[in-house]
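Below is one structure, written out as structure tokens; comments come after it.
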Amino acid sequence: MFAELNELLGASPQRPETGKFTLLRDTRTDGSFLVHHFLSFYLRAGCKVCFVALLQSFSHYNIVAQKLGISLTAAKERGQLVFLEGLKSCVDLLFGEEAEEQSGEPCPLQFMSESNCDLRALFNFVRTSLSPAGSDSWKGVVLLVDDLSVLLSLGARPVAVLDFIHYCRVAVCCQLQGNIVVLVHSNEDSEDEENELVVNSLCHHSDLILWAEGLVTGFCKDVHGQIKIIKRLSLELTGKQDHVQIYQYKIQDRNVTFFARGLSAAVL
């Protein structure tokens, strides 16, 4: 996890918030560093994490997590991390491999081979993964999705994706008092209307939005982009305006540094 980002968010792994929906949004840049931050943050906080990884392999996330001082392999072995490797599941379905888990449950991405394209199997996977067992002693539960836009590319309809998120919010945030963190890609000039519909809908229902954007001026080796931190106060307090903070950032090998716009050491 990145200590500077925790300071900006007022977050601490010793006191993780509960019942929150966090949207990670990126435009003209790669916001995956935010996924790695929240994955390591919640594992370090002692929460049980269901990670629906649709974009990269387990080994990729594990290599990055090790740089941040977390072993995903160890987390899986102790039952703290439930990892859905979307790439492998897609290959199994497309090439006729066994479509059911060892438990006998259908593959979470079963919608790819069905006509109705609903995400019920994926929701059941999440609910089962995070349902408390008698021996659980975790400090909370977390659903992490990287990234939601992939579901649309795989054939899911926007209404099915939004229904999936709605039911996950009810099960995870309301019933289990856990947290959800979702990454989506967006481009305000994109012709992909379905993706933008999903992104805009999620923005209206999020408690916190972290929006990473590429620089309008293009690539810069010392400033990799800017991030908007939008705290949705209007969801809780009628008449309150959302609180928006804007910073620029630079991604390093094991850290990300944040600074006010125009205050990069390279500029000064």
I want to confirm something. Restricting to segment 241-256 and keeping residues that are part of a strand (DSSP E or B) and closer than 25 Å to S206 by Cα, which single residue is nearest to the chain's Cα centre (by Cα)? V256
Any idea which residue in segment 151-161 is nearest to E85 (Cα to Cα), counting only those that are touching a residue at least 40 places away in the same chain (Cβ under 8 Å) and assigned to a helix (DSSP H, G or I)? L151
The listed residue being of a type in the set (S, T, N, Q) and either under 13 Å from the mean Cα position of the chain (by Cα) or within 24 Å of P108 (Cβ to Cβ) (or both), out of T73, T18: T73
Have a look at S57, S12 and point out the one that is more than 14 Å from V181 (Cβ to Cβ), surrounded by fewer than 14 Cβ atoms within 10 Å (Cβ to Cβ), among the hydroxyl-bearing types (S, T, Y) and free of Cβ contacts under 8 Å to residues at least 12 places away in the same chain. S12
Could you tell me which residue of segment 76-90 is farthest from L109 (Cα to Cα), considering only residues that are small (G, A, S) and in contact (Cβ under 8 Å) with a residue 24 or more places away in the chain? G79
Of the residues in segment 69-120, those that are closer than 30 Å to P13 by Cα, surrounded by fewer than 14 Cβ atoms within 10 Å (Cβ to Cβ) and either among the basic types (K, R) or at pLDDT below 90 (or both) come to R78
Of all helices (runs of 4 or more DSSP H) completely enclosed by segment 21-82, which ones contain at least 2 residues that are among the hydroxyl-bearing types (S, T, Y)? 32-44, 58-67
Does K48 count as modelled with pLDDT of 95 or more and basic (K, R)? yes
What number of residues in segment 207-226 are touching a strand residue (DSSP E or B) at 6+ places or on another chain (Cβ under 6 Å) and β-branched (V, I, T)? 2
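The values are calculated or read from the model by the stated rules, or taken from the named source; none is laboratory data. Since we're looking at a predicted model, the values are computed, not measured. As a convention, Cβ positions derive from the backbone with ideal geometry for all residues, glycine included, and neighbour counts pool all protein chains shown.
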